[in-house]
Structures are given as C-alpha cells and as structure tokens.
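Report on one structure; see the data block that follows.
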Amino acid sequence: MLSKKMEEALNDQMKWEFYSSFLYLAMAGYLKSKNLDGFANWMTVQMQEESAHAMMFFNYIDEAGGRPDVRAFDQMDNDYKSVTDVFAKTVEHEKLVTRRINDLMDLAVKEKDHATTQFLSWFVKEQVEEVAEPTKILNQLKMVKEQGNALMMLDRELAQRVFNPPAVAT
Ligand code: FEO
C-alpha cells in the first residue's frame, strides 16, 4: 500500500513522463520542419518510450492501491536554434529526470516501501541509457559541426531506430 506522500510523488512523476513524451514530439516537429526526418524519427521513438514510461507509472500506482491521477502540464519551451540545440536540451532534460527518479528512490527507501523501490530500480538503470544515448548524438553533432554530408549520414543512421516496448511495461 502506498503512503499518500509516495502516491503523490509517483503521480507527479507520471506527469513528467507524459511531459517528456510531448516535449520529444515537439522536438520531432521542429526536426521535421528542417527536413531532418531521421533525427525526427529518433525523437518520435523517444516520445513512444516516454509514453510507455508514463503508463508504467499509471499501472504501478493502480496495482499498488493508489489512484493514477493524470494531470495537465503547461506549454513547453518549443524554440530551438539548431539540431545541436535540440540534443543539448534533450541531455539536460534527461539529467533532470534522472535527479527526479533518484529523489523518488530516496523517498521509497526512507519509507521502507520495498515494492516501490523494486519498481523504481528499473528506472534508475534506464536513466543511465536515457542520458548516454542523446549525449552520444550531441557529441557527434558537435564533431561534424552540422555540416552537410556528415549530418545527412547521421540522419540516415537515426532513421533506423525503432520502438521496442520496455519488457517490463504492462
Ligand atoms: Fe522516461 Fe527519458 O525518461
């Protein structure tokens, strides 16, 4: 059974995961407008992953005896200077999400809520990848300085990404 405080914190994180989903779809829209369809594909897959994360919170809150409370959020900052700027903002966003997940884990440990600790451990591990992947793309973008051929090669590579639902998603 979730404490009221834990239920509130999990619902707040569910909102953040849905927010992440919209943020990445907004970024995909910007990338599409620049004819970078491969980069847009990568972001669209990211959007699908975030929706799956949000639904993992939704299902867990329900199973643990709480009420999944779906909340609206404000319009996100949707102004980008370049594709490099998009990925720099992605890395920053994922670092923020990592801090939030770690805070949630601290709360679950403090409350001796073993089931929630177990649930969150998947996200702790996932966040390592969530920061590493866009960081790698950001570093590649910095290396090629957004120059024509190299940018197109990267775009073609990112066009290959496909969505695989997390194995634990219910
Ligand atoms: Fe749901 Fe990108 O973390």
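The values are calculated or read from the model by the stated rules, or taken from the named source; none is laboratory data. Remember, it's a predicted structure, so these values are computed and weren't measured experimentally. Note that each Cβ is placed from the backbone with ideal geometry, even for glycine, and that neighbours are counted across all protein chains shown. For accessibility, only protein heavy atoms count, side chains too; no ligands or nucleic acids. Shrake-Rupley method; radii C 1.70, N 1.55, O 1.52, S 1.80 Å.
Below is a table of values for the structure above.
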| quantity | calculated |
| --- | --- |
| Candidate set from region 9-27 (those that are within 14 Å of the ligand (Cβ to nearest atom) and more than 15 Å from PHE57 (Cβ to Cβ)); member that is most open to solvent (accessible area, probe 1.4 Å) | PHE22 |
| Any helices (runs of 4 or more DSSP H) falling wholly within region 68-170 and containing at least 2 residues that are under 20 Å from SER21 (Cα atoms) | 83-110, 114-144 |
| Count of region 72-99 residues which are surrounded by fewer than 18 Cβ atoms within 10 Å (Cβ to Cβ) and within 16 Å of the ligand (Cβ to nearest atom) | 7 |
| One residue from LEU120, LEU158 being under 19 Å from the mean Cα position of the chain (by Cα) and within 16 Å of the ligand (Cβ to nearest atom) | LEU120 |
| Any hit, region 32-39, residues being within 16 Å of the ligand (Cβ to nearest atom) and at pLDDT 95 or above | no |
| Pick from region 116-170, criterion polar (S, T, N, Q) and touching a helix residue (DSSP H, G or I) at 6+ places or on another chain (Cβ under 7 Å), ranking: most open to solvent (accessible area, probe 1.4 Å) | THR170 |
| Unique match (being more than 13 Å from the chain's Cα centre (by Cα) and open to solvent by 60 Å² or more (accessible area, probe 1.4 Å)) among ASP113, ASP103 | ASP103 |
